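Notes follow once the structure below has been shown.
The values are calculated or read from the model by the stated rules, or taken from the named source; none is laboratory data. Keep in mind the model is a prediction, meaning the values are calculated, not measured. Neighbour counts are summed over all protein chains in view; Cβ atoms, including those assigned to glycine, are modelled from backbone coordinates with ideal geometry. Keep in mind that these areas ignore ligands, DNA and RNA; they rest on the heavy atoms of the full protein, side chains included. Shrake-Rupley method; radii C 1.70, N 1.55, O 1.52, S 1.80 Å.
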Amino acid sequence: MSAQLACMVDDVEPGSALRVELEGESGPVEVAVVRDSEGAWHAISDICSHGQVSLSDGEVDGCTIECWLHGSTFDLRTGQPLALPATRPVPVYPVTVDGERVLVDIDVTANV
């Protein structure tokens, strides 16, 4: 597979995240498409590695996203946990903006 349409540019305001479900080789993959406060785009697994809850419901601050349930914070560029209780990274995926379309390639990860 290659990059898939995840959303449109207007779907995600700076400083927010959107949960999308993309089709992977072995089934659906839940992805948080994030636009940081500077307007840069990121795609990260939507599932917290600690609490198995949606990261897209959390708060975006700079290049981080905080899990709303237990407060784990993840670097949007690397997927590395920056605050406990999470100790395992989450997958990060390449994002391409093509005009008004935001494309995510779930077949490539930056940290696995």
Out of segment 5-34, which residues are of a type outside the set (A, V, I, L, M), under 14 Å from E66 (Cα atoms) and in a strand (DSSP E or B)?
-> S16
Which numbered condition trips up A40, out of (1) open to solvent by less than 20 Å² (accessible area, probe 1.4 Å); (2) modelled with pLDDT of 95 or more?
-> (1)
Is it the case that segment 47-58 has a residue that's assigned to a strand (DSSP E or B), surrounded by 21 or more Cβ atoms within 10 Å (Cβ to Cβ) and either touching a strand residue (DSSP E or B) at 6+ places or on another chain (Cβ under 8 Å) or at pLDDT 95 or above (or both)?
-> no
Would you tally the residues in segment 14-32 being open to solvent by 60 Å² or more (accessible area, probe 1.4 Å), under 13 Å from S56 (Cβ atoms) and in contact (Cβ under 8 Å) with a residue 12 or more places away in the chain?
-> 2
Which residue pairs have Cβ atoms under 6 Å apart, sit 6 or more places apart or on different chains, and have a first residue in segment 56-72 that is more than 19 Å from C7 (Cα to Cα) and a second that is hydroxyl-bearing (S, T, Y) and assigned to a strand (DSSP E or B)?
-> T64/T73; E66/T73
